[in-house]
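Some notes on the structure that comes next.
The values are calculated or read from the model by the stated rules, or taken from the named source; none is laboratory data. It should be emphasised that the depicted structure is a prediction, and the values quoted were computed from it without experimental measurement. Here the Cβ positions follow ideal geometry from the backbone for every residue, glycine too, while neighbour counts run over all protein chains shown.
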Amino acid sequence: MKATMLNGTLYRDEACDLVRLPASDRGFLLGDGLFETLPVLQGMPLWWPEHRTRLTQSAKRLGLPLDHVLLDETVTQLAALSGDANTILRIAVSRGSGGRGLLPPAKAQPTLLATLAPLPDGLAFQDMTLATCSIRRNAHSITASIKSNNYLDNIMAAQQAEQAGASDALMLNTDGRIACSTIGNLFALHGNHLITPPASDGVLPGILRQQILALAPQWGFEASEATLMPDDVKKADGLIMTNSLRFIRRVTAWDDIAFTTKPDDAIAHLQARMRDHVGNLTGVAL
């Protein structure tokens, strides 16, 4: 199942790759926009209210007007097209067309582009490795805490990780503190205590991160936000990466540090509880 909606118009199959954007669209020219990505499990867009809230709050920070009716209609229509399949829904909003220069038009007419693609089997809960990259997160940049269309830092960091033979890059901020991976949030596990860096350290407040912080106490864990330095993670019992498509991934190695893995350890327990939670919400077994 593949489909695209551009400003409310639906394109399917081969046509979904042939939509046309104006050459003056600021999302393409300048990265002036936002996006959200979430799984649709047998027709249910998982945690859409949370993604919608983050998109709305980020758009407000940028002064980017949203058509909430069109947004919700787009999500509803594409989710319905998923049927019994599991898919990935990506929603991108740009400020639309504008003239030359950096300043946006006085009255923006945003572009809403949403795509639906198959969710690969086995994507969730995969083990992974991390390599520290040289690209640093600027904790003072507005793009650090929003899902900006400008992902160049993350792209370059991911390339460094690939060259190092790792699944993803671990990104530090400009003060040398742990921030995130290129596609998710990090938690260090000490006993039954999960610690994740605060947003003030250059971290995007992820939807799965939000869920872990809220649900962990019900699952027998403590969870809190605190600054993490590399030495703190080296002493951890384990490390996980979270995002909306991959849920909870166990980090088996970071640079030259290997983390002990057991079938019934705390991370396995955490993953099992998340599987049960998503199953209760959607009726889908991951």
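Of note:
- Leading residue by the ranking (farthest from GLY96 (Cα to Cα)) among those in the stretch 168-190 that are in contact (Cβ under 8 Å) with a residue 60 or more places away in the chain and over 14 Å from the mean Cα position of the chain (by Cα): LEU189
- The test for being among the hydrophobic types (A, V, I, L, M, F, W, C), within 30 Å of LEU103 (Cβ to Cβ) and in contact with a strand residue (DSSP E or B) (Cβ under 6 Å, 6 or more places away or on another chain) holds for LEU6.
- If you check ARG52, ARG20 for being more than 14 Å from PRO110 (Cα to Cα), touching a helix residue (DSSP H, G or I) at 6+ places or on another chain (Cβ under 8 Å) and either of a type in the set (Gly, Ala, Ser) or surrounded by fewer than 21 Cβ atoms within 10 Å (Cβ to Cβ) (or both), only one passes: ARG52.
- Each residue in the stretch 95-135 was checked for being of a type outside the set (A, V, I, L, M) and either over 28 Å from GLU162 (Cβ atoms) or not in a loop (DSSP other than H, G, I, E, B) (or both), and 17 of them qualify.
- Count - residues of the stretch 136-149 that are crowded, with 18+ Cβ neighbours inside 10 Å, of a type outside the set (S, T, N, Q) and not in a helix (DSSP H, G or I): 4
- Meets criteria (aliphatic (A, V, I, L, M), part of a helix (DSSP H, G or I) and either modelled with pLDDT under 95 or under 22 Å from the mean Cα position of the chain (by Cα) (or both)) for VAL19: no
- Extreme residue, surrounded by the fewest Cβ atoms within 10 Å (Cβ to Cβ), among residues of the stretch 110-135 that are of a type in the set (Gly, Ala, Ser) and touching a residue at least 60 places away in the same chain (Cβ under 8 Å): ALA117
- Scanning the stretch 184-205 for residues being touching a helix residue (DSSP H, G or I) at 6+ places or on another chain (Cβ under 7 Å), within 15 Å of SER145 (Cα to Cα) and either part of a strand (DSSP E or B) or modelled with pLDDT under 95 (or both) gives a total of 2.
- Residue among GLY31, GLY27, GLY96 that is over 21 Å from the mean Cα position of the chain (by Cα) and not aliphatic (A, V, I, L, M): GLY96
- Among (1) charged (D, E, K, R); (2) farther than 23 Å from HIS51 by Cα; (3) under 17 Å from the mean Cα position of the chain (by Cα), the one test that ARG137 misses: (2)
- Scan of the stretch 72-109 for residues that are under 14 Å from ASN7 (Cα atoms), surrounded by 19 or more Cβ atoms within 10 Å (Cβ to Cβ) and not small (Gly, Ala, Ser), ordered by number: THR74, VAL75, LEU78, ILE91, VAL93, ARG95
- Condition met for ARG273 (crowded, with 22+ Cβ neighbours inside 10 Å and among the basic types (Lys, Arg)): no
- Among the residues of the stretch 189-222, those that are within 15 Å of VAL233 (Cα to Cα) and buried (at least 18 other Cβ atoms within 10 Å of the Cβ) comprise LEU189, LEU194, ILE195, THR196, PRO197.
- Hits in the stretch 45-84 (condition: within 22 Å of GLY184 (Cα to Cα), touching a residue at least 60 places away in the same chain (Cβ under 8 Å) and outside any helix (DSSP H, G or I)): LEU46, TRP47
- Taking the listed residues ALA169, ALA179, ALA161, ALA144, the one that is touching a Pro at 6+ places or on another chain (Cβ under 7 Å) and not assigned by TED's automatic domain parsing to the domain that holds THR76 is ALA179, with no other qualifying.
- Qualifying residue in the stretch 152-166 (condition: in a strand (DSSP E or B) and at pLDDT 95 or above): no
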